[in-house]
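> Handing you a structure now.
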Amino acid sequence: MIKIIIISLLLLLIVILVYAILPTVLIRASGWGITKRIKSEAIAITFDDGPNPEYTPQLLDLLKKFDVKATFFVVGSKVLANPDIIKRMSAEGHTVGIHHFEHISSWILSPIQLKKQLQQTEQAIRECVLQKVRFYRPPWGHFNLFSLLLGKRYKVIIWSHIFGDWKVAKGKNGLLEQLLAATEPGSILLLHDCGETLGADQEAPYYMLKCLEIYLQENVTKETKFITLKDVYQ
Ligand SMILES: [Zn+2]
């Protein structure tokens, strides 16, 4: 009996390794099939996990103030709940990409479920905007064995800089300094305009926005160029 349990656990471990962990480690380490930096003199600022009815409009106001175009990887169910925010994003020149229909890791999605997450989110975005849905970022940067195959119609975008801004503590201490240090051309910066994700703090976007305002103020003065992904990959 114990032998059967041990063999079952070992088999489960092998399945998890082959289906989830190894694809993620290999894809992320090799960069195969994904984009971590853009070939541009500009910096791409990207936001995940929204739209959020409280913080995303504030973020759009901020980007408008500094005339910066960004990229949003949105959660499909939140798109359905906040279609006007997505319409505004598109009307103001930002790129809207897929971040799954629910904020679920690809590690626990079957290929059929993953395909559905992509299709439902694309459908939700397309109902709001005319732009083609061309970009995909999987939640937490998790890939499974079928992610690149199922997402082959999209350009898969990861990031060059991630800051931990989903925590209030980071927004209060360290985020601004790290943002200000991320000035190399071609960088893809990852921030979050919604704090409702597992492990995030609800109020975290408030602090992110405060830091982002100072960051944009400083960089507009320095004439740093910012670019949205649809303008990079035309
Ligand atoms: Zn996310």
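> Using DSSP to call loops (not H, G, I, E or B), can you name the trypsin sites (Lys or Arg not before Pro) in region 189-234 whose Cβ has at most 16 other Cβ atoms within 10 angstrom?
Numbers: sites: K210, K222, K225, K230; in loops: K222, K225.
Those satisfying the criteria are K222, K225.
> Say the cut-off is 29 Å between C-alpha atoms; which of K172/K230; K115/K230; K65/K167 go over it? Walk me through the intermediate numbers first.
On the way: K172/K230 32 Å; K115/K230 23 Å; K65/K167 25 Å.
In this structure, K172/K230 exceed 29 Å between Cα atoms.
> Subtracting the Cα-Cα distance from 0.36 nm times the residue separation, let me have the gained length for R153 to E127 in nm, one decimal. Write down the numbers at each step before the final one.
Values: separation 26, 0.36 × 26 = 9.36 nm, distance 1.85 nm.
Using 0.36 nm per residue and subtracting the Cα-Cα distance, I get 7.5 nm.
> Note down the magnitude of the dipole of the chain about its Cα centre, charges +1 on Lys and Arg C-beta and -1 on Asp and Glu C-beta and zero elsewhere, to the nearest 20 debye. Walk me through the numbers before you get to the answer.
Values: 27 positive and 22 negative charges, 193 e Å.
Charge dipole of the chain: 920 debye, to the nearest 20.
> Let me ask something else about it. Pull out the extension gain between S77 and K39, defined as 0.36 nm times the separation in residues minus the alpha carbon to alpha carbon distance; nm, one decimal. Numbers along the way, then the final one.
Numbers: separation 38, 0.36 × 38 = 13.68 nm, distance 3.20 nm.
Net length gain for the segment: 10.5 nm.
> Amide H to amide H, which residues 5 or more places from K155 or on other chains are under 5 Å from it, using H placed in the peptide plane?
Close amide H contacts, sequence-distant or interchain: F135, Y136.
> Right, next: Tell me which residues come under 5 Å, amide H to amide H, from F72 once H is placed; ignore anything under 5 positions away on its chain.
For F72, whose amide H was placed from the backbone, the distant partners under 5 Å are F47, T95, V96, G97.
> Among L130, L62, L109, which one moves the most in a GNM of the chain with springs linking Cα atoms closer than 10 Å?
Highest fluctuation of the listed residues: L130.
> What is the extension gain from I108 to D84, computed as 0.36 nm multiplied by their sequence separation minus the C-alpha to C-alpha distance, in nm to one decimal?
Working: separation 24, 0.36 × 24 = 8.64 nm, distance 3.09 nm.
So the chain would gain 5.5 nm between I108 and D84.
> Mean residue ellipticity at 222 nm from the helices of the chain, using -39,500 (n - 2.57) per DSSP H segment of n ≥ 4 over the full residue count, to the nearest 500 deg cm²/dmol?
Working: 11 runs with 104 residues, N = 234.
It comes out at -13000 deg cm²/dmol, rounded to the nearest 500.
> Of all DSSP beta bridges in the chain, what percent run antiparallel (nearest 5)?
Numbers: 0 of 19 bridges.
Of the beta bridges lying entirely in the chain, close to 0 percent run antiparallel.
> Express the accessible area of the chain per residue in Å², computed with a 1.4 Å probe while the remaining protein chains stay in the model. Can you show the working numbers first?
Numbers: 11690 Å² over 234 residues.
Per-residue value: 50 Å².
> May I pose another question? Which whole-Hz ³J(HN,Hα) couplings does region 142-149 yield from phi under the Karplus relation 6.51 cos²θ - 1.76 cosθ + 1.60, θ = phi - 60°, glycine and proline marked x?
Whole-Hz 3J(HN,Hα) from phi for region 142-149: 8, 10, 10, 4, 10, 4, 5, 5.
The values are calculated or read from the model by the stated rules, or taken from the named source; none is laboratory data. Since this is a predicted model, take the numbers as computed values, not measurements. Quick reminder, even Gly has a Cβ in these numbers, built from the backbone with ideal geometry, and neighbours come from all protein chains shown. Protein only, heavy atoms only, side chains kept; ligands, DNA and RNA dropped before computing areas. Shrake-Rupley method; radii C 1.70, N 1.55, O 1.52, S 1.80 Å.
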